[in-house]
Amino acid sequence: RAKQAGKGTYVLYGQNMQRHFDERMIVEKHLRGAIDNNELFLNYQPKVYLHTGELWGFEALIRWNSPDLGFVSPLSFIRIAEDCRLIVPIGEWVLRRACLFLAGLHRQGRGPYHISVNISVIQLLLADFADTVLRILRETGLDPRYLELEITESIFMESFEEISTKLEYLKKWGIGIALDDFGTGYSSLSYLKQLPITTLKIDKSFIDSIPDENSSMPLAGSIIAIGHDMGLSVTAEGVETKEQLDFLETMKCDKVQGYYISRPIPENQVKSWIRQYEQEKLDAREPKRKSK
Ligand code: C2E
Ligand code: MG
Ligand code: MG
Ligand code: MG
């Protein structure tokens, strides 16, 4: 395509591609040592039950603070990590770290809360993926029913059967499976029915469109209904306003997550966040109880 656009364009295009390539090489080079150099850490974003306000648990979100590159967003480095397969050790590190942290909270008598971990399709394609997950649960002492794996619709473009079988097996152990960013990818409803998932996570883009003046009911409402028809729990991500929360409550969405509840929290602040949240939540509910 670049060639057809003429000689000059080709050179420019080529240079951009070279720069893009160089950037990826630099990120890859620095990412290689990131685990061993303790440059990776996790933030935890709360998920709460909409109906009761009860804390369900957290989603683990990776952060990378590179001494040379500064903070790099997962939106840019996860793709690169997938392409060079560094996502395999990184993904395992995330899983172990998140399970360890939650198991620690449980041992201290908190919760028990759940933990969601984002899993790349590259990890799901590994022959020993299920074994790795179960081994990490054993090693960290986290009860499988408090772990949820977040997968994306990109699995529909891969060996669907193979991935399905593994997820089915993990689900039998009590592990939850959430389909993340739902509505943005490639799933057809007939495939969705065959996938052993427990939760639909409505993508933020559908939440952003609440309120929507152009439509009688934002699409989020229909997605919640579909999820419930399929017997799934439905979570909304990227909830930023009271208006969105109220709409989701009317539509009987099960769980919510987003800046309106909390931004992702560094590990060492999670306990104090929980303490404060539990207090505020109880305070907020007090008048309701009295009126009943
Ligand atoms: P995701 O799993 O869909 O996570 C949601 C993203 O939206 C997170 O960005 C979160 O910080 C952000 N977010 C949450 N609530 C709000 C809100 O109310 N408003 C706005 N504007 N944003 C909100 P983050 O942490 O930058 O992560 C981006 C993506 O990177 C994630 O999207 C996920 O796909 C990927 N990712 C993050 N951690 C991991 C990981 O450990 N493994 C893998 N494979 N992917 C990860
Ligand atoms: Mg996610
Ligand atoms: Mg998401
Ligand atoms: Mg998203």
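The values are calculated or read from the model by the stated rules, or taken from the named source; none is laboratory data. Just so it is clear, the structure is predicted and the values come from calculations on it, not from any experiment. Virtual Cβ from ideal backbone geometry, glycine too; neighbours counted across all protein chains shown.
Given the structure, is Gly176 in contact (Cβ under 8 Å) with a residue 40 or more places away in the chain, under 30 Å from Leu137 (Cβ atoms) and of a type in the set (Gly, Ala, Ser)?
yes
Just to be sure before I move on: is Phe129 among the aromatic types (Phe, Trp, Tyr), buried (at least 18 other Cβ atoms within 10 Å of the Cβ), at pLDDT below 95 and within 16 Å of ligand 1 (Cβ to nearest atom) in the structure I sent?
No, not satisfied.
Mind listing whichever residues of region 179-204 are out of contact with any Gly (no Cβ under 7 Å at 6 or more places or on another chain), more than 14 Å from ligand 2 (Cβ to nearest atom) and of a type in the set (S, T, N, Q)?
Within region 179-204, Ser187, Ser188, Ser190, Gln194 meet the criteria.
With the requirement that a residue be of a type in the set (D, E, K, R) and more than 15 Å from the chain's Cα centre (by Cα), what does region 142-165 give you?
Within region 142-165, Asp143, Arg145, Glu158, Glu161, Glu162 meet the criteria.
Of everything in region 144-166, what is within 16 Å of ligand 2 (Cβ to nearest atom) and at pLDDT 95 or above? Give them in sequence order.
Correct list: Leu147, Glu148, Leu149, Glu150, Ile151.
Matching residues to (1) within 16 Å of ligand 4 (Cβ to nearest atom); (2) farther than 24 Å from Lys171 by Cβ; (3) out of contact with any Ser or Thr (no Cβ under 7 Å at 6 or more places or on another chain):
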residue	(1), (2), (3)
Ser66	no, yes, yes
Pro89	no, yes, yes
Gly104	no, yes, yes
Ile122	no, no, yes
Thr132	no, no, yes
Glu139	no, no, yes
Ile151	yes, no, yes
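Could you say which residue among Ile197, Ile265 is touching a Leu at 6+ places or on another chain (Cβ under 6 Å) and among the hydrophobic types (A, V, I, L, M, F, W, C)?
Ile197 is the lone residue from the list that is touching a Leu at 6+ places or on another chain (Cβ under 6 Å) and among the hydrophobic types (A, V, I, L, M, F, W, C).
Taking the condition surrounded by fewer than 21 Cβ atoms within 10 Å (Cβ to Cβ) and either of a type outside the set (A, V, I, L, M, F, W, C) or free of Cβ contacts under 8 Å to residues at least 12 places away in the same chain (or both), does Glu237 pass?
Spelling it out, it is not the case that Glu237 is surrounded by fewer than 21 Cβ atoms within 10 Å (Cβ to Cβ) and either of a type outside the set (A, V, I, L, M, F, W, C) or free of Cβ contacts under 8 Å to residues at least 12 places away in the same chain (or both).
Which members of region 48-99 meet the condition of being touching a Leu at 6+ places or on another chain (Cβ under 8 Å) and basic (Lys, Arg)?
Those that are touching a Leu at 6+ places or on another chain (Cβ under 8 Å) and basic (Lys, Arg): Arg63, Arg97.
Every residue in region 85-102 that is closer than 19 Å to Leu134 by Cβ and without any contact (Cβ under 8 Å) to a residue 40 or more places away in the chain, please.
Val88, Gly91
For region 70-85, which positions are of a type in the set (Gly, Ala, Ser) and either over 20 Å from Asn38 (Cα atoms) or within 16 Å of ligand 3 (Cβ to nearest atom) (or both)?
Within region 70-85, just Ser73 meets the criteria.
In region 178-292, which helices (runs of 4 or more DSSP H) lie fully inside it and hold 2 or more residues that are at pLDDT below 95 and among the hydroxyl-bearing types (Ser, Thr, Tyr)?
In region 178-292, the matching helices (runs of 4 or more DSSP H) lie at 189-194.
Determine which member of the set Leu192, Leu245 is away from ligand 4 (no atom under 16 Å from the Cβ), in contact (Cβ under 8 Å) with a residue 12 or more places away in the chain and within 28 Å of Leu124 (Cα to Cα).
Of the residues listed, the single one that is away from ligand 4 (no atom under 16 Å from the Cβ), in contact (Cβ under 8 Å) with a residue 12 or more places away in the chain and within 28 Å of Leu124 (Cα to Cα) is Leu192.
Would you be able to say whether some residue in region 153-169 is closer than 22 Å to Thr235 by Cα, of a type in the set (A, V, I, L, M), in contact (Cβ under 8 Å) with a residue 12 or more places away in the chain and out of contact with any Gly (no Cβ under 7 Å at 6 or more places or on another chain)?
Yes, region 153-169 contains at least one residue that is closer than 22 Å to Thr235 by Cα, of a type in the set (A, V, I, L, M), in contact (Cβ under 8 Å) with a residue 12 or more places away in the chain and out of contact with any Gly (no Cβ under 7 Å at 6 or more places or on another chain).
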